[in-house]
1. Which links in B:LYS166/B:LYS250; B:LYS166/B:LYS242; A:LYS11/B:LYS97; A:LYS153/A:LYS350; B:LYS166/B:LYS196 stretch past 25 Å when you go from one Cα to the other?
2. Given the rule -39500 (n - 2.57) for each run of at least 4 DSSP H residues, summed and divided by the residues of chain A, what is its mean residue ellipticity at 222 nm, to the nearest 500 deg cm²/dmol?
3. Per-residue Cβ counts within 10 Å, from other chains only, averaged over A:144-154: what number is that?
4. Compute the FRET efficiency between B:VAL281 and B:ASN140 as 1/(1 + (r/R0)^6), taking r as their Cβ-Cβ distance and R0 = 35 Å, and round to the nearest 0.05.
5. So, by mean Cβ neighbours within 10 angstrom, what's the order for A:101-109, B:68-76, B:244-252 with the highest one leading?
6. At a 10 Å Cβ-Cβ cut-off, how would you order A:GLU30, A:GLU347, A:GLU316, fewest neighbours first?
7. Provide a whole-number value for the mean count of partner chain Cβ atoms within 10 Å of the Cβ atoms in peptide A:72-85.
8. Can you figure out the FRET efficiency of A:ALA174 with A:SER331, using R₀ = 30 Å and their beta-carbon distance, to the nearest 0.05?
Amino acid sequence: MASLEVTGLTKSFGPTHVLHGIDLAVEDGEMIVIVGASGCGKSTLLRIVAGLETATSGSIRIAGREVTALEPAERDIAMVFQNYALYPHMTVEQNMAYGLKIRGLPKAEIARRVAEAAGLLGIEALLTRRPRQLSGGQRQRVAMGRAIVREPKLFLFDEPLSNLDAKLRVQMRAEIRRLQRRLGVTSLFVTHDQTEAMTLGDRLVVMHAGHAAQIATPMEIWARPADTYVAGFIGSPAMNFLSGTLVEGGHAVALKAGPVLRFADGPRAGGAGRPLTIGIRPEHMDLAEGGIPMPLDLVEPLGSETVLHGKLPSGEALVVKLAGPAPDAPSLPVAFPAAALHVFDGETGKRLDP
Amino acid sequence: MRKTVFKGTALPLLLLAPQLVITAIFFLWPAGAAIWQSLLQEDPWGMSSQFVGIRNFTEVLAEPEWRGAAYNTLIFSTAVAVLAMGTALFLAVQADKSIRGANIYRTLLIWPYAVAPAVAAVLWLFLFHPSIGLVGRALNEAGIAWDYKLNGNQAMLLIIVAAAWKQVSYNFIFFLAGLQSIPRAVLEAAAIDGAKPVRRFWTIILPLLSPTAFFLLVVNLVYAFFDTFGVIHALTGGGPGKATETLIYKVYVEGVQNVNLGSSSAQSVILMILVIALTAVQFRFIERKVHY
């Protein structure tokens, strides 16, 4: 158990820059989820921390020790791979014991640790089987077990749940979280799934095109996304974005769609006409008499809630999530509650606070 | 897959005919003839023949010369298999690394397979001939008495090396394919588990290659049994004495030089049985044991 510090980390494959200076400080026992679309560099970041790739520049410190130039074996880490990467020719027990044997632990100690991890994961009955005789969920547990027995300073998870079916994924997700809390091991978890990210992480790193777009707690990212990318990535259905311009005095925005909305939290800097992007989450939208009429082109009833897809008169698409069923009408008037608005710069996409 | 159902049997037979005819003329007929011949005793001019049952076999198995050839074959084929597979594995492991020009390197390593056995033998002859060979002369000048035409052990060594050299390419292709089919993540997991490259090789790579290795072992043994006739014939002609006479070479000596067709056929049939046994073992083993 240890802290992890990543400073100014960059990575290029030839002329392609994959990571542009990542800074990240992970505290002892913290679970950090690195989330982003495919190709954003999240796996590369994890692999560099593991030592499977070398950094182009920057440094990595585990428990205060500089490990940037060390082999994976010397970093005292354990990794759970997406396809589990179990040793196919070894039994479950041998798979778990492999790393310990290499470290030259006494036989009794190895047996004790394997038994303990197997008990923790409920795989005692599988110890003599080989990986190909196991289901996906069981392989996942064995991969976890192999990481746990090592008692490493750092756990690395590379999309470990994406090969599981939906139900098992939810179950394993909760299990990983409980286990990580219980063992208190500092962890990095890479995923492209925002639900996984929100539920697992103490803090999230939202990656975008090789940059860490935002590093914060899940709720903070949800409530105060740093830019339009983060805002659109986290939350389901995704946040609506509408373009508009700042009104004289900075107290309101004139939407391209028509209405002028007053900011609830104070004026934004800039002259009249400054281009803005206004974000509002579908679940914060209201239906209200006198709102903008929105013709619906799709209604998705999900039981407890209903998702409406429509187009504003400006041609901008809008998604509204309602609690309960929607009124049966071809067009509904929608309103934008002032308190739920997110204001972003229209050009850079960065969040604008009062 | 779409299944086509033919009406009647004439058309399917016609379509199969080329393959069936080739198999019958070039494989079944000679093999059948050899088996029949092995039960006959014939005079060298082919004027008369007499059915003698299994007497050819009992005589061959009792012959000290045949036993000597069997012993030579055992030494020769084991050495060829070990040398050819060991070298190929080493080269494959090197070629599997991401090195500059890996493709050229791989292509070059496959070339020897395209060289005809007799040509390969001549190549080795020009290298190791005691008076005209480059290496042969150098050895003699350096004070090492090298003459494979007089020294049986040296002759054996030479045909082993020449035969193995030709088989390295084939083994190399299979080992390389085997190495590349090992998931990268498994090796990375082993690296994170603390295994250094040498340990990774022995505990992860080699066990995962064992199905390939077993397949190659059988192929190499069959190669050493049968396909090395050209190399032996061109390099040593079975000599000096009978030092490099293997079973397949003895079949030739007995049948073509001594014109003892019955005995030669009986020896062929024994070899046939050996290779059938090897193949059967391979199929059973691969079906049962290979599980990754």
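1. A:LYS153/A:LYS350; B:LYS166/B:LYS196
2. That comes out to -7500 deg cm²/dmol.
3. That works out to 1 on average.
4. Approximately 0.20, to the nearest 0.05.
5. Ranked by mean Cβ neighbours within 10 Å, highest first: B:244-252, B:68-76, A:101-109.
6. In order of increasing Cβ crowding within 10 Å: A:GLU347, A:GLU316, A:GLU30.
7. Per residue, the number of nearby Cβ atoms from other chains is 4 on average.
8. Between A:ALA174 and A:SER331 the formula returns 0.10.
Every read-out reported here was derived from the displayed coordinates using simple, explicitly stated rules and does not represent laboratory data. Small disclaimer: the values here were computed from a predicted structure and weren't measured. Quick reminder, even Gly has a Cβ in these numbers, built from the backbone with ideal geometry, and neighbours come from all protein chains shown.
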